[in-house]
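The structure appears below as C-alpha cells.
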Protein chains: 2
Amino acid sequence: MTKRQLPPLRYAGQRRTIIMITLSQRTQKMSPSYIREILNATQQPDMISFAGGLPDESLFPKQRLQDAAAKMLADTRCFQYGETQGDPKLREWIKNHQIPDTLEVIITTGSQQALDLIARAYLNPGDTVLVETPCYLGALQVFELAEASIITLPQTISGPDIEQLEQILQQHTPKLFYSVPDFHNPSGRCWSLETRQAVAHLLNTYSTLFIEDAPYRALRYEGDHIAQVSDLTDAPTIRLGSFSKVATPGMRIGYAAGAATCIQPLILLKQAADLHSTLPIQRMMYHLLADGLLEEHLPRLVHHYREKSLVMTHMLRKTLGDRISLSDPVGGMFLWGELHGISAHALAKASLENGVAIVPGDVFYPSGHEGPEALRLNFTHASISMIEEGIKRLTHAANML
Amino acid sequence: MTKRQLPPLRYAGQRRTIIMITLSQRTQKMSPSYIREILNATQQPDMISFAGGLPDESLFPKQRLQDAAAKMLADTRCFQYGETQGDPKLREWIKNHQIPDTLEVIITTGSQQALDLIARAYLNPGDTVLVETPCYLGALQVFELAEASIITLPQTISGPDIEQLEQILQQHTPKLFYSVPDFHNPSGRCWSLETRQAVAHLLNTYSTLFIEDAPYRALRYEGDHIAQVSDLTDAPTIRLGSFSKVATPGMRIGYAAGAATCIQPLILLKQAADLHSTLPIQRMMYHLLADGLLEEHLPRLVHHYREKSLVMTHMLRKTLGDRISLSDPVGGMFLWGELHGISAHALAKASLENGVAIVPGDVFYPSGHEGPEALRLNFTHASISMIEEGIKRLTHAANML
C-alpha cells in the first residue's frame, strides 16, 4: 500500500483569490484506510466480502433492541446533557460484571475512541509505542496520528516472545504497549496463560502503560476463558472493552477501565472531544445487558460464528491445500492465512475481479515495515452459502495466478 | 479561576514498585471545566441552577421521539457499522435543508466534536487562533488542548469591531477565526448584517479559515433571521450546526459543513477518533427532522424560551436596577449581565450559598486574560416559577454583599 499524501487545502468554491489553508503536520501524514477503500468496492452487487470486520446483521437481537428502546424511551431524561464519563447505570453494570471493582471506567464511542483518548493523553510526538505485528489497523492509525514512534514485535502462535519483549522494554522503555491478547485482529491468535503470566511479570518492572484491547474476548469458540493480563499484573494498565461484537456495532459503545489516575485524564480529554457519548444509546445498551444479552444472546452468536469459522477453514484447506497455512480459529471474527508461493496482493486483486474481497496481510503493518504473504478473512458477516461461494471464487482466482 | 495542574500519574492499586506514567504535554496543561464543577454543586436538592446551558427537558418532544425510535427500529441495518461521514439519510436532509448544496457535510458527536476535529486537522502547537471574548468555553478548551496561541478580540454589541479585526488579520494572520455570530454563548449577542458583510469581505483577502458556530441560530425570539457569514464570503469557511438545542442534547448530533477540501481531512481524522458516531441515533434524528420537528416543535420551544427570557430580564431589572446592565435577549439560551459595583465572583459565591448557581463572566476568557465583572445566566432550563425564585435569591445575595 502506498500512502496517499494529502495535498494542501484549496477552497473549491468561487473565489477572487486562491486561499490555501495548510493542514496540521499530523493530518498531512494521515492516509485513508485501505480497508475502508476496499469496503467501498464491496458495495457492488454480487460482491462477497470477507474484507471487513462486520458482524452478521441477520443475528442482531431485534426483539431485545425493541425492548431496550422502549425502556430507554420511558425515561426521557436520558435525552438531556449528561456526564462526560458516561451513563451512571451503564458504568455501574460494567463495574459489577466486567471489571474489578477497584477500577474506574469511562464510556466511549466504541473502544476506538478510548484508544484515541489514550494516545492523546499519554503520547507526545516521537514517544515510543510497542505493538505486536500484525496489528489492528485502527490502533496503527491512532498511533500514527499521535506521531508516535512505533516499535513492532512479531507474534508467535501463543503471544509475544518473552525474551524479545524484555529486550525491547529494556532498550526502548516504550510509553505504551498495545495488544489484543484474545482472538487478535487480524491474526485470530490467543495468548496462552503462560505468556500472559510472563508478560504480567515483566510489566511489573518496566514503566510502560499496558493497553489490553479485548473486543473479541466474549467470542470464544473452544476451550475456557483465560485471565486477562491486566488482572495478573500490578503495573499500570488500561483495558478496553466493546459491545460492538456482542450487541451491535452501530451503537458504538465501548469503554476504558483502569486505576482512577489512569482514567481521569481521559475524562478531561473527552469533555473537549465531544462532551459525552450519546446517552439514549448508552441507556439502551444498559437495558440490553441488564436484561441478559450476554447470558442468552451471546451463546447463539457463538454457535453461529463457530459454525461459519469451521466451514470457512474446512473449505480453504480443501481447496487451497498446502498453498495456505491456517491456524485453528478458537474465537473472534477472522482467519489469518499464510500463503505459500502466492503473492497476497496479486491474490487480493484477482479475487476482487472474481467477486470476492479479502485483505492482504501487509496492511496490518506500520508503514515502512514489510509484512508477510498472508490474508485476513472475516467469517462472521457472510452467510454459510456465501462463504462456500466466496471460497470457490477465491480458489478460482488463486488457480488463475 | 486558578488552573489545577494534573500531577504525574501514580498507579493506585497494590504494587511492588511505584511506576509513574507521565501525561502528554497537552494533557498536563488541561484543567477541568469550572462549569462542570459548578454543575456538580447544582446536584444538591433545592438548588436552582442558571449555571449550565441545558434545555428544558419538560419540553422534550416525547411523542416525536417515540415515533422516530419506532421508525429507526423498523430498519435494524442502522445498527451495523456505517460510514465515517455519517448516516446518508441525515446528511442528505442537511444538504437539502440547512446548507448550500455545493458544500460537503460530516456528522459529528455534537458540534463539540466538529470543533475538536477542526483543531486537530488544522492546528500545530503554537498556531494562532482568533476568538471573540467572551468565548464559548468548549472552544477555548479545544484550542488550548491543541496548544494554540489564542488571540482575543473584544465583542461590541453588534459583533467584532471591523477595524480591530482587520488589524489582527494583517498582523497575525491567524490560522482560524472562531466565532458564534448568532446569540452568542455566553454574551447572547447577535452580529448585525452590516458586521457580517464587513467580516465576509475581510475574510476574502486574508488566509484565515473562518469557523462559524451556530448552535443557537434557530432559537430566535425577535426579528428576522440574518444571513450567515459563510454564505456571504468566498473565503474558506466551516460552519457548525447542532440539533442539541432544537431536538435534544443527549443525542449528541451536530455537523460541520464546508467545501469538500475543508471537510475531507475531518473525515479522515474521525475515522481514527471513533470510526463513526452512533448510527441508530443519527437515524432517529433524521426521522425527527423529516417528520417536521423544525416546523412544528421549534415554534413551541421558541415561544416558551422567549417567555422565560422576558421574565428573567424583567425581574433582574426590577430587583438589581442599575447594578446590572443587560442586553435585550433576542435569541439563544443566555443572558449576559455586566455588574456595576459588584464583584462577579463574590456574587456567584454568595448566590451558591443562597441556593442559586450562576457563572462569573471571566470563566469565558482564555487563561491569562482578565474578564469583566459580569454574569452568565441560563434562562432555558428552569421553570418560570423557579426563575422567579432564583432571581429573588440572587438579589438577596447581592444585597448581602
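Every read-out reported here was derived from the displayed coordinates using simple, explicitly stated rules and does not represent laboratory data. Because the structure is predicted, anything quoted here is derived from the model rather than measured. With ideal geometry, Cβ positions are generated from the backbone for all residues, glycine too; neighbour counts draw on all protein chains shown.
For this structure, a couple of remarks:
- For B:119-132, mean number of other protein chain Cβ atoms within 10 Å: 3
- Relative contact order (%) - the range A:75-291, alpha-carbon pairs under 8 angstrom, separation at least six: 29
- Under 18 Å from the Cα of residue B:308 - lysines, other chains or at least 8 residues apart: B:245, B:318, B:392
- Note on chain B: percent of Cα-Cα distances in each 10 Å bin, starting at 0 and stopping at the bin with the largest distance, equals 5, 21, 30, 27, 14, 3, 0.
- Taking trypsin sites (Lys or Arg not before Pro) as exposed when DSSP calls them loop and at most 15 other C-beta atoms lie within 10 angstrom, chain A has its longest site-free stretch at A:30-401.
- Separation of alpha-carbon centers, the range A:309-328 and the range B:299-353, rounded to whole Å: 72
- Projecting the Cα atoms of B:249, B:190, B:221 onto the charge dipole of the range B:161-250 (Cβ charges, centred on the Cα centre) puts B:249 farthest toward the positive pole.
- Across the range B:285-356, the mean sequence separation of Cα contacts (distance under 8 Å, 6 or more residues apart), normalised by length, yields a relative contact order of 20 percent.
- Residues whose amide H lies under 5 Å from that of residue A:151, counting only those 5 or more places away or on a different chain, are A:129, A:130, A:131; hydrogens are built 1.01 Å from N in the peptide plane.
- Net charge of neighbours whose Cβ lies under 11 Å from the Cβ of residue B:317, counting Lys and Arg as +1 and Asp and Glu as -1: 0
- Annotation: aspartates and glutamates with alpha-carbon distance below 18 angstrom to residue A:95 (same-chain offsets under eight excluded): A:83, A:87, A:104, A:212, A:213, A:231, A:291, A:295.
- Environment charge at residue B:225 (Cβ cut-off 9 Å; Lys +1, Arg +1, Asp -1, Glu -1): 0
- Take each residue in A:72-80, count the other chain C-beta atoms within 10 Å of its C-beta, and the mean is 5.
- Centroid-to-centroid, using Cα positions, the range A:254-277 and the range B:164-190 are 31 Å apart.
- Chain A, relative contact order in percent, only Cα pairs under 8 angstrom and at least six apart counted: 22
- In nanometers and ordered shortest first, the copy-to-copy spacing of the residue A:172 label point, defined 7 Å from Cα toward Cβ, is 4.0.
- Alpha carbon convex hull of the protein assembly as shown, volume per residue in cubic angstrom: 155
- Cut-off of 10 Å, at most 11 other beta carbons, DSSP loop: longest stretch of chain A lacking such GluC sites (Glu not before Pro): A:1-221
- Gyration tensor verdict on the range A:75-291 (Cα atoms; rounded if a/c is under 1.5, prolate if a/b is larger than b/c, oblate otherwise): prolate
- Counting, for every residue in B:260-272, the Cβ atoms of other protein chains within 10 Å of its Cβ and taking the mean gives 6.
- Of all DSSP beta bridges confined to chain A, the antiparallel ones make up roughly 60%.
- Estimated 222 nm signal from helices in the protein assembly as shown, with DSSP H stretches of n ≥ 4 weighted -39500 (n - 2.57), rounded to 500: -12000 deg cm²/dmol
- The range B:124-129 - phi-based ³J(HN,Hα) in whole Hz, Karplus 6.51/-1.76/1.60, Gly and Pro as x: 8, x, x, 5, 9, 10
- The range A:75-291: antiparallel DSSP beta bridges as a percent of all, rounded to 5: 45
- Within chain A, helices built from complete DSSP H runs that reach 20 Å or longer along their own axis (Cα positions) and carry a mean Kyte-Doolittle hydropathy of -1.0 or higher are A:260-274, A:298-320, A:384-400.
- Rounded to 5, the percent of DSSP beta bridges in the protein assembly as shown classed as antiparallel: 60
- A straight Cα-to-Cα reach below 15 Å connects residue B:29 with the aspartates and glutamates B:144, B:147, residues fewer than 8 places away in its own chain not being considered.
- Amide H contacts under 5 Å for residue A:158, placed H, 5+ residues apart: none
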